[in-house]
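The values are calculated or read from the model by the stated rules, or taken from the named source; none is laboratory data. Since the structure is predicted, the reported quantities are computational estimates derived from the model, not experimental observations. Neighbour counts are summed over all protein chains in view; Cβ atoms, including those assigned to glycine, are modelled from backbone coordinates with ideal geometry. Ligands, DNA and RNA are stripped out before the accessible areas are found, and what is left, the full protein with its side chains, is counted by its heavy atoms. Shrake-Rupley method; radii C 1.70, N 1.55, O 1.52, S 1.80 Å.
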Amino acid sequence: MPVSRTLRRTALAAIAVAAAVSLAACSGTSSAAPSADAGDGALPTVTAGKLTIATGEPNYEPWFVDDDPANGKGFEGAVANAVAKELGFDATDIVWTRTGFDAAIAPGPKDWDVNIQQFSVTDQRKKAVDFSSPYYTTTQAVVVLNDSPAASVASIDELKKIKVGVAAGTTSYTVAKKQLGEKNLGVFNTVDDVVLALKSGQIDAMVTDLPGAFYVTGALVENSTVSGQFDSADGGDDFAFVLPKGSELTADVSKAVDALREDGTLDELQQKWLSDEVDVPVLK
């Protein structure tokens, strides 16, 4: 997980610590076994005929809308419904539940079939849980203050003329350096420092991964917006569904995600919920 996602998770925990503690206590500890026999043609889900999908609490746009995963809105809400459909489940067959982020990727049995809440695939996490094929690779985005002249910047050439901040040692730095050069690039030790620099006016804009950018504008910096995103996802984190370690569903879920990627559905949902709905154009 890049530094910006760590910042986002840390801040989220501070906002919802009571809920996170209670959810973590009941998540990832069930010894419930799948109730369907894989040999009868049905998928071996926790509840026969149902697909139990877990996600975090609270949820933020654009991943989910109105903190209601069951409405099928938001990028991850829509992806989850599309995958369920590929697996043979209608929306009415989905059972939504909530878990803490850390509890979801901890070792041990689970009381859900799949979990979706912007989980980055890492080798360390693979030791404790399974991951599906990735449904999204993060891009890098630009955050500006709404009342700043930088808010009108709409191209890479224009970005090169303003002061842009980025955290050292991150994918964001690599992309910003490649796209913008170093002349007007301000490099800071951490994403926290970049955020403070944006607030204080030391920089005109900051570059961070798109998920982190949404969190910066939604929870950390008032009167700010994500003004654009870079076209390339090179070096970005892969987001995937988490499943219990050794789950009999892992191959099926991966096959469903792959099918949605191949037929263009994932691209369409990404365009709709991560570009059009939140007005984050691709910078050219």
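Here is a yes/no grid of residues against (1) out of contact with any helix residue (DSSP H, G or I) (no Cβ under 6 Å at 6 or more places or on another chain); (2) more than 17 Å from K160 (Cα to Cα); (3) at pLDDT 95 or above:
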| site | (1), (2), (3) |
| --- | --- |
| D193 | yes, yes, yes |
| L196 | yes, yes, yes |
| K199 | yes, yes, yes |
| Q202 | yes, no, yes |
| V207 | no, no, yes |
| L210 | yes, yes, no |
| F214 | yes, yes, no |
Tell me, which helices (runs of 4 or more DSSP H) lie completely within the range 162-253 with 3 or more residues that are open to solvent by less than 20 Å² (accessible area, probe 1.4 Å) and under 30 Å from V83 (Cβ atoms)? 210-215
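Considering only residues that are under 15 Å from the mean Cα position of the chain (by Cα) and in contact (Cβ under 8 Å) with a residue 24 or more places away in the chain, which ones fall in the range 74-100? Break it down stepwise before answering.
Filtering the range 74-100 down to residues under 15 Å from the mean Cα position of the chain (by Cα) leaves 74-80, 100.
Residues satisfying the conditions are G74, F75, E76, A78, V79, A80, G100.
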Find the residue count for the range 137-158, including only residues that are under 21 Å from the mean Cα position of the chain (by Cα) and assigned to a loop (DSSP other than H, G, I, E, B). 2
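Regarding T139, is this residue hydroxyl-bearing (S, T, Y) and closer than 17 Å to V253 by Cα? Reasoning before the result, please.
Numbers: hydroxyl-bearing (S, T, Y): yes; closer than 17 Å to V253 by Cα: no.
It is false that T139 is hydroxyl-bearing (S, T, Y) and closer than 17 Å to V253 by Cα.
Go through E277, E262 for me and flag whichever is free of Cβ contacts under 8 Å to residues at least 24 places away in the same chain and open to solvent by 30 Å² or more (accessible area, probe 1.4 Å). Walk me through it before giving the result.
Details: E277 fails: free of Cβ contacts under 8 Å to residues at least 24 places away in the same chain.
Matching residue, one of E277, E262: E262.
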Across the range 114-155, what is the number of residues that are of a type in the set (A, V, I, L, M) and within 21 Å of T217 (Cα to Cα)? 9
For the range 1-111, list the helices (runs of 4 or more DSSP H) that sit wholly inside it and hold at least 1 residues that are open to solvent by 40 Å² or more (accessible area, probe 1.4 Å) and at pLDDT 50 or above; which are they? 75-86, 101-104
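Can you name the residue in the range 118-136 that is polar (S, T, N, Q) and either in a strand (DSSP E or B) or open to solvent by 40 Å² or more (accessible area, probe 1.4 Å) (or both) and, of all such residues, is farthest from A78 (Cα to Cα)? Quick ask: steps written out before the conclusion?
Here is the first cut: in the range 118-136, the ones polar (S, T, N, Q) are 118, 120, 122, 124, 132-133.
From the residues that got through so far, the ones that are either in a strand (DSSP E or B) or open to solvent by 40 Å² or more (accessible area, probe 1.4 Å) (or both) too are 120, 124, 132-133.
On the way: S120: 18, Q124: 28, S132: 16, S133: 16 Å.
So the residue we want is Q124.
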